[in-house]
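Worksheet for the structure shown next.
Where a number appears in this text, it was derived from the coordinates with a stated rule and is not lab data. Predicted model only: the values in this text are computed from it and were never measured. Positions of Cβ are backbone-derived with ideal geometry, glycine not excepted, and every protein chain shown enters the neighbour counts.
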Amino acid sequence: MQRAEDREVDDKDDRGGGRPGLLTSTSTIFSTITPTQRPPSKRKREDTHHEEGDEGEDEQEEEGQEEKGLHEEIMPPYKSKVRVLEEYQIIGFISSGTYGRVYKARSKLPGNTKEYAIKKFKPDKEGEVIQYTGISQSACREMALCSELSHENVIHLHEIILEDKCIYMVFEYAEHDLLQIVHYHSHPERRPIPEATVKSVLWQLLNGVSYLHQNWVLHRDLKPANIMVTAAGEVRIGDLGLARLFWKPLQTLYTGDKVVVTIWYRAPELLLGSKHYTAAIDLWAVGCIFAELLALRPIFKGEEAKMEKKSTVPFQRNQMQKIIEILGSPTKERWPAVTQQPEYNQLQAFKPYPNNLEAWYHQIGATNALGFQLLSGLLNYDPTQRLTAQSALEHPYFSEGAKLTLNAFEGQSFDYPHRRVSQDDNDISLPGTKRSGLPDDSLGGSRAKRLKEG
């Protein structure tokens, strides 16, 4: 099956637009939560000539009065129809992230005993008088995308609530995430994740990524902390704050966000400054996650060079070094387009390395030959040759060996610990957001937080 970005699409969707399938504009989502309707637009003057000047003057006078009326119209203050604390009981605080805080909650509605994760976007600037500063681009994207995406392996958005200039996104609650699971198996001593669990998690992750890509969505921040797992062993891809539609973008994807994907999961084309990257960057991240499930540690654990200026993205030399040490040097034979990458000249400073991925694979104790083939296909330097999500789903790794199941925990003789929830900082009405959070994150919202490696 072709990747979405490689297909040439001529058909129109039933809304008459040029993009197939899924999503409408961001304004669609705000039409469901905004308090007032837009005033009627000023009517257009007919493109006709009048023989008598009085008629034209009368029309101008009418338009002037109409325009004046619009300016003088006072919109009524917005009153929230749904109050968060009337509908949900806050169980506790989970974590804080770049754009807000996440709480665990339970529905108060009769007959509904479900638990939810409520993501509250901050409306203020910390340390100053509380003031409404607008909605972040990340929040707009996440609301617009999550409102229309619907798949068993993508986190489900239950509702959006606008209350007192705060936005609350209410998601289904997932008890675990992959970072938490990796930590459990690596502390206090190393205990490999069962092969059946790895296979199930990876297949469900690829299934969700395939759905996103078929609907022209790049996730752009896949990592263990953003991959949720429910108590029933069902994988959910979370945190779409960096996600982006890639159907005929008006500008390069690089223009809006110069830095995407957490450093350890960032594809080589991104490290080398590519401005026209494709959905293949998500598959590289999936390959890194697969390797981490096997090794119980990140495969490419580099040190990130910080940005001195917002307009200048530094070359991540140490991260590139970690990749080259395992995968070998990215030569023109392995990646013909490597010479076209903006930071290609930086590679001249690295000494040549052979491909050591197979040695690394055996060193961590992995023995499944098909698993190695799949990992090699996901960690291919050349993005045009890297496995797509759909082709990876069809890999024989999933049809041979341990039985594939859609419950990642099936057959396990142990239970993973529940997510830690703080009772000391669970007032969802508090305006501030920069408080100390717990290391695991319900929606993967914190891009900086990660359980410390042992």
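Go ahead and collect, in residue order, the members of the stretch 388-407 whose backbone nitrogen is under 14 Å from a label point 7 Å along the Cα-Cβ direction of residue 370.
392-405
Rounded, prolate or oblate for the stretch 88-172? Axes are the square roots of the Cα gyration tensor eigenvalues, ordered a ≥ b ≥ c, and the cut-off for rounded is a/c under 1.5.
In terms of gyration-tensor shape, oblate.
What is the spin-label model distance, in nm, from residue 108 to residue 195 if the labels are put 7 Å beyond Cα along the C-beta direction?
Distance between the two pseudo-spin positions: 5.2 nm.
May I ask which of 199/301; 119/322; 119/223; 104/165; 120/223; 122/322 have a Cα-Cα span longer than 25 Å here?
On the way: 199/301 23 Å; 119/322 35 Å; 119/223 19 Å; 104/165 21 Å; 120/223 22 Å; 122/322 36 Å.
Violating the 25 Å Cα-Cα cut-off are 119/322; 122/322.
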